[in-house]
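The values are calculated or read from the model by the stated rules, or taken from the named source; none is laboratory data. It should be emphasised that the depicted structure is a prediction, and the values quoted were computed from it without experimental measurement. With ideal geometry, Cβ positions are generated from the backbone for all residues, glycine too; neighbour counts draw on all protein chains shown.
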């Protein structure tokens with residue numbers, strides 16, 4: 001059975017024929033520099049569409065990649081959509097399957113400036129994950145730096161993210177979720193508030209209360225990646241967990257003891273006041 005991406009590609013092909021934008025499947029294949037026999041196999045559901053064929057179809061027939069990968073939005077792009085379309089460089093294996101490109105901390109400054117350069121992206125490390133959700137759409141992973149997102153993310157963690165098309169930022173960016181925001185100068189991992197519609201900006205904040213929230217203008221944002229999972233090198237041992245619980249219990253006992261002493265002190269004070277008032281009232 002063909003993948004959901006292939007099924008959407010077939011729907012776009014059928015729509016092109018219905019609107020007489022193509023006369024035949026053969027013409028469609030030749031226009032995309034693709035073998036008609038191979039296209040026939042795709043249309044019959046016997047094989048999946050390749051990334052290279054999708055790229056050519058987007059360029060030639062303005063097929064909407066957001067619809068292809070997510071099922072959202074129109075099948076085809078308007079001129080306005082085309083002007084804001086973000087073209088990403090991807091890395092594939094020998095079977096034309098996309099790999100997840102990893103952006104380590106030392107490369108993040110370079111990524112902010114050169115994310116559109118294929119040679120830079122292709123030199124970064126890449127890997128795959130077995131979960132099917134990482135087989136659909138474009139994904140990146142980024143190193144977590146600093147302590148601004150503690151206790152959610154720690155330095156040394158890696159976040160796995162899916163790409164958000166700029167045409168979806170206004171509607172798809174969700175308040176209080178964590179995103180990777182790539183600006184012209186930096187790569188940030190923050191919890192956000194979507195203010196694109198009213199203020200043309202994104203409010204970003206940290207889980208570490210030491211850091212103040214601030215706004216990033218829409219014009220400064222190059223890419224937004226939705227954080228779907230994290231890979232952490234830290235795993236507390238049972239002994240560490242036990243020590244942590246013991247410390248919590250000891251702290252709780254200490255607080256209860258202090259409160260008991262305070263209550264006892266208040267009780268003695270009240271008894272003394274009652275006694276003194278009783279003596280004053282005697283004739």
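Couple of notes before you dig in:
- When residue 138 is tested against (1) exposed (fewer than 13 other Cβ atoms within 10 Å of the Cβ); (2) within 17 Å of the chain's Cα centre (by Cα); (3) at pLDDT below 90, exactly one condition is not met: (1).
- Answer residue from segment 39-52, given it is touching a residue at least 24 places away in the same chain (Cβ under 8 Å) and in a helix (DSSP H, G or I) and is surrounded by the fewest Cβ atoms within 10 Å (Cβ to Cβ) among those: 52
- Qualifying residue in segment 160-182 (condition: surrounded by 15 or more Cβ atoms within 10 Å (Cβ to Cβ) and over 30 Å from residue 51 (Cα atoms)): no
- Taken over segment 101-142, the criterion of being closer than 20 Å to residue 66 by Cα and not in a strand (DSSP E or B) is satisfied by 115, 116, 132, 133, 134, 135, 136, 137, 138.
- In segment 71-94, residue modelled with the highest pLDDT [restricted to those that are outside any loop (DSSP other than H, G, I, E, B), touching a strand residue (DSSP E or B) at 6+ places or on another chain (Cβ under 9 Å) and surrounded by 15 or more Cβ atoms within 10 Å (Cβ to Cβ)]: 76
- Condition check for residue 112: within 24 Å of residue 225 (Cβ to Cβ) and modelled with pLDDT of 90 or more: no
- Residues located in segment 167-180, provided they are within 16 Å of residue 152 (Cβ to Cβ) and either touching a residue at least 24 places away in the same chain (Cβ under 8 Å) or over 16 Å from the mean Cα position of the chain (by Cα) (or both): 177, 178, 179, 180
- Candidate set: segment 229-248, residues that are part of a helix (DSSP H, G or I) and loosely packed, with under 10 Cβ neighbours inside 10 Å; chosen: the one modelled with the lowest pLDDT: 239
- Residue match in segment 154-166 (condition: outside any strand (DSSP E or B), farther than 15 Å from residue 218 by Cα and free of Cβ contacts under 8 Å to residues at least 60 places away in the same chain): yes
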